[in-house]
Amino acid sequence: MLRLLLSSKEFYPVRFFLASFLLSGLIILNVSAPGTAWAGDVTQAIVIEDAFGRKISVNMPVQGIVVLNSDVLEVLRSLRAQDLVKGVYSEIDKDGVFFQEFLDRPRVGSWKNANAELIADLNPSIVIAYENNPGTELEKQLSPFGIQVLRLNFYKLGTIAKEIRILSKIIGREQQGEIFAAWYGKKLDAIQKRFDYIKEKPLVYVESYSAFHTAGPGSGGHDMCVYAGGKNLADEFKVPYSEITSEWVISKQPDVIFKTIAWGNGFERKDRVFFNNVRNELAARPSWNLIPAVKKGRVHVLDSGIWTGPRAVIGVAHMAKCIYPQMFDGLDPEQIHKEYLEFFQKIPYQGVYISENLSGGAK
Amino acid sequence: MNTDCLTIKNQDMKNQYKALKYRSLVLLAAFFLIASVIAVIALCVGASSISVTDSILALIEDNGMARSIVWNLRLPRVIMALLIGIGLGTSGAVFQAVLRNPLASPFTLGIGSSAGFGAVIAIVFFNGLVNEYAVVIWAFIFTLLSSFLILGVSRYKGATAETMILTGIALMFLFSSLSSFLQYLGTKEEVHGIVFWFFGSLSKAGYREIVMSGIMILAPMPFVFRFAFDFNLMTAGDESAGALGVNVSGVRMLSIALASLMTSGAICFTGVIGFIGLVAPHIARMIFGSDNLFLIPASALIGGVLVLSADTLGRTVWLPHVIPIGIVTSFIGVPFFLYLLIKKTKEYW
Amino acid sequence: MLQVGNLSFNYGKTCVLKDINLNVKKGEIISVLGPNGVGKTTLLKCLLGMIKPCSGFIEMDEMDILKMSSTHRARLIGYVPQAFPSKFPMTVFDAVLMGRKPYVRFVPSENDLEVVSQVLMSMNLNHLGLKDFDRISGGQKQKVLIARAIAQEPNYLVLDEPSSNLDVRHQLEVMDMLRKLAQKENIGIIMAMHSLNLASRFSDRIAMLKSGCMVCNGTPLEVMTPKIIETVYKIEANIHRINGYPYTIPLNPMPENRTNKELLN
């Protein structure tokens, strides 16, 4: 009877109606599926506060995460939560060797322009993004799917331990998170407490990725400089990344200069040639030979891998050792890095992350 | 007797016209003087604590640090600013004349955005953040590419102003969307670098850069002046210029090529610097009239004055921050431009 | 003498001009008449060397204009366009100075300025010299454009509808000026015209074009006949003779169907 109905030409509209009915039924089922699944479980929700300062209620346990930047991905690996990562940001290939195990995950777009459709397809519980990128349109696009957007920065030294604890809590890896956060705090404190007796801190010029752009308060680079016991030349700036003149740097006579570069990945580097070249170019800028830091060979170039982000503590250790070679004679940043990679990241320690130290300190 | 009277009148006419041109010549000299004064001021101010007297002394004698700062840091910056202003001003005047369009500028023909795209390629794929020459080279390659495209289309479709402007605008959109696409692929650090590049900056100006961009900007100058009178004719229509013996499409193609070279000499080293190329010729026209024999040098000088004062202000008003040059040029260029636009009343402009 | 022989021009596959023969002597004014789209402007462009004819020859003082350099050509033949489309302000003096282009190497010389002021003087445009070209009246503009062509010191002058945008007084002034120029400076003038009566009154000869072909070529009295007007313009007209000049009074358009048939062919 139904077949008769369907095959007869006159009933074409009926057939169309039936098909669309079935289709819409499927869509409804599909959309409501996660909801019904939740209703089945006895779930508990926990309330956390993200980088925006928003209170977010997250349903536990989190069953899938889409990660929009390398910082979060690295932290998740430290928390042994690789299996929760359902989708990753598209630029991951640039760090292909470092994040090898994630290369098979679906890509969902860039760190500042994620594709909401791709994310919705993966149906994660949460998406983790930076505080300001992508914009809040992501929340609007994903809320109909019941996907929450969590804003965690992981690039500010002051909040990184807190953010590790938040993340570990919502993925149910609190123990691992506690170990990691504690380790992090301990390493930072070990450096910090040495500065209690330092009265005059050396002047430090911090140059971020673009030439003649310095890192002022509000930037990760400034935090690192302060944690490493330096007095940032730009510490009274109102802008996080400001262009400055060569003349200003020279007239301020910094004792140490740090520059970070984001090209390739320190993890894959075999030697210091690249860093040294950048350092030499910096030192060769017109009249920079008048700067004490240049005269004394205290210009250092750091890889972006240890610059801000989850490994900022390693960068800080390097910087502290560069600023206070005697005081931190016993400090071995590479040992910290090795610990981090082998114990938390579970990958072998390798790579080169800083230029050769010309000022006579340890290598 | 009647004839005598006519001759006197006749002399009068010619002399009046010559007086007008002498006035322009005097004004040019005045602008040259202004440029020099601003240049000296620019050499004397800066972020360092050396005094103005020390700065002036540093010009003539060796007084240690001050000399180094003035000669190695401020002077290259001043020269570069002047060069860039000259390049953008001149090329803007040329574009407006040969395209017979008061809205034409180096950016109308997509040269700005193609240079931008080159810079973005260098930053995203060739480590342009560290290797500054990669940015310069790629920006240069793409300015050349876009002007070749425009000239190619013009050769095929006829070198009319309309063909060129439409091709240029199409290229402008193409290259800006390509840049956006690459930014979409870029990492956090790269996107940062790209944004800064588009603001423009003279911080990287050194003597090597000055030599290179100086060649690109100054070498085409004599040719441009050679065509100045032809430009006058071309602003009055291709047909009548052709009937007067101007090789219209030849002059147009060659001048576009030369002006593009000047533009890229100006922007490849420093990033996209606002609308100097549009505004300097207009300011010059309001003061000097439309005679390209005066308009071109005047646009060059005014462009130089504008960029130099913008950079000097940009690096001194908010010490020790530098307000990016691209932003300051608009800040001082636009009000000045509007002021002149409202005030101009003279019949002969 | 300016000689045009068997001149043909095709635009793509469309024949625009066919076998045109025309002579212009120095000191003579010739008007080219015909309806819109008949090839008048194309003919002028060929004379100016702006476009190359497909066949035929144009010789100026026994020299082939296609073999001349553009500068050489510009010294022999001046052009007065219908409009001056400059978007930029320019003084009248500068506009006339443009006419010196064929003689200027890099910048205009003292002599060039002298010539320009003399031309302005002789055309009574002196008082306008430093005015902005855009701010003078239409009639004055037309005179300035003629002055520019005179500053070229040409032997021949080509004008594209010099009276089209002018009021009656200026039409008469401009035409009168042209006739005096032709006689005084011994310049051969050829102009495309719309007004039959102005052409009849001021031309030495009139050439009538119809669909790219020359219908007739003769003195105004020879050419201005109801028969010829009818063939060329498809109108019915009366011709009156006043003060020795033929005056055309258009009466009615001819029935459309004939025109349509022709269009279809």
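The values are calculated or read from the model by the stated rules, or taken from the named source; none is laboratory data. This one's a predicted model, so the numbers in the text were calculated from it and none came from an experiment. A quick note on method: Cβ atoms are made from the backbone with ideal geometry, for glycine too, and the neighbour counts reach across all protein chains shown. SASA here: full protein model, heavy atoms, side chains in, ligands and nucleic acids out. Shrake-Rupley method; radii C 1.70, N 1.55, O 1.52, S 1.80 Å.
For this structure, a couple of remarks:
- Part-to-part distance (alpha-carbon centres) for region B:100-160 and region A:330-361, which is given in Å: 43 Å
- Per-atom-type breakdown for region A:198-345 gives carbon and sulfur 51% of the accessible area (1.4 Å probe, protein chains only).
- A cut-off under 15 angstrom between Cβ atoms defines the neighbours of A:GLY264, and their net charge, with Lys, Arg +1 and Asp, Glu -1, is -4.
- Look at the stretch A:103-112: the mean tally of other chain Cβ atoms within 10 Å of its residues' Cβ atoms is 2.
- Only protein heavy atoms count here; under a 1.4 Å probe, A:VAL352 has an accessible surface of about 20 Å².
- With coordinates expressed along the principal axes, the C-alpha atoms belonging to region C:1-120 extend over 46, 34, 27 Å, beginning with the largest.
- Where region A:37-178 is the region considered: accessible area per residue in Å², 1.4 Å probe: 42 Å²
- FRET efficiency estimate (nearest 0.05) - Cβ-Cβ, B:ARG23 to B:LEU340, R0 22 angstrom: 0.80
- For chain A, the residue among A:GLY64, A:ILE261, A:ILE323 whose Cα projects farthest onto the positive side of the dipole built from Cβ charges is A:ILE323.
- Evaluated with a Cβ-only charge set (Lys, Arg +1; Asp, Glu -1), region B:193-255 carries a dipole of roughly 320 debye about its Cα centre, given to the nearest 20.
- Annotation: Cα Rg of chain C relative to the compact-globule expectation 2.2 N^0.38 Å equals 1.04.
- Distances between placed amide hydrogens fall under 5 Å for C:GLU236 paired with C:LEU251, C:ASN252, C:MET254, all partners being 5 or more residues away or on another chain.
- If you sort A:TYR353, B:TYR156 by accessible surface, 1.4 Å probe, largest first, the order is B:TYR156, A:TYR353.
- Computed [θ] at 222 nm, deg cm²/dmol, the protein assembly as shown (DSSP H ≥ 4; -39,500 (n - 2.57); rounded to nearest 500): -16000 deg cm²/dmol
- Charged side chains reduced to their Cβ positions (Lys and Arg at +1, Asp and Glu at -1) give region B:20-343 a dipole of some 320 debye around its Cα centre.
- Distance from the C-alpha centroid of region A:236-310 to that of region B:280-349: 36 Å, rounded to the whole angstrom.
- Spin-label pair B:THR160/C:HIS194, simplified geometry with 7 Å Cα→Cβ offset, distance in nm: 2.1 nm
- Charge dipole (region A:37-178, unit charges on Cβ, about Cα centre) - positive-most of A:VAL88, A:VAL127, A:ILE170: A:ILE170
- Remark: spin-label model distance C:ASN243-B:ILE327 equals 7.4 nm, labels positioned 7 Å along the Cα→Cβ axis.
- Estimated D of region B:97-219 in µm² per second, where Rh is the Kirkwood radius over Cα pairs and Stokes-Einstein applies at 10 °C, 1.306 mPa s: 104 µm²/s
- Remark: accessible surface ordering of C:HIS127, A:HIS222, A:HIS337 (largest first) is C:HIS127, A:HIS222, A:HIS337, probe radius 1.4 Å.
- Calculated from backbone phi, Karplus (6.51, -1.76, 1.60) coupling profile of region C:137-146 in Hz, x at Gly/Pro: 6, x, x, 5, 4, 4, 5, 5, 5, 5
- Two-site FRET efficiency, A:LYS55 against A:GLU178, from Cβ-Cβ distance with R₀ of 22 Å, rounded to 0.05: 0.50
- Global geometry of region A:37-178, whether rounded, prolate or oblate, following the gyration tensor of its Cα atoms and the 1.5 cut on a/c: rounded
- Dipole magnitude for the protein assembly as shown: about 1060 debye, using +1 per Lys or Arg Cβ and -1 per Asp or Glu Cβ, origin at the Cα centre.
- Residues of region A:263-309: accessible area per residue with a 1.4 Å probe, Å²: 39 Å²
- Using the Cβ of C:ILE20 as centre and a radius below 15 Å, the other residues enclosed give a net charge of +4, where K and R count +1 and D and E count -1.
- Toward the positive end of the charge dipole of region C:1-136, with +1 on the Cβ of Lys and Arg and -1 on the Cβ of Asp and Glu, the farthest Cα among C:PHE106, C:LEU120, C:SER86 is that of C:SER86.
- Förster radius 60 Å - calculated FRET efficiency between A:GLU339 and B:PHE32 (Cβ-Cβ, nearest 0.05): 0.35
- Backbone N atoms of region C:191-235 closer than 11 Å to the 7 Å Cα→Cβ label point of C:PHE57 are not found in any residue.
- P(r) tail, region B:219-349: Cα-Cα pairs separated by more than 21 Å, 49% of all pairs.
- Once all protein chains are placed together, B:THR329 keeps about 0 Å² accessible to a 1.4 angstrom probe.
- Taking all protein chains together, C:LYS13, B:LYS157 sort by accessible area into C:LYS13, B:LYS157, largest first [probe 1.4 Å].
- Proximal charge balance of A:VAL273 [Cβ under 11 Å; K/R count +1, D/E count -1]: +2
- The Kirkwood hydrodynamic radius of chain B, based on inverse pair distances between different Cα atoms, is 21.2 Å.
- Of the three principal axes defined by the Cα atoms of the protein assembly as shown, the extents in descending order read 118, 107, 44 Å.
- Euclidean distance of C-alpha centroids, region C:161-187 and region A:139-209, integer Å: 88 Å
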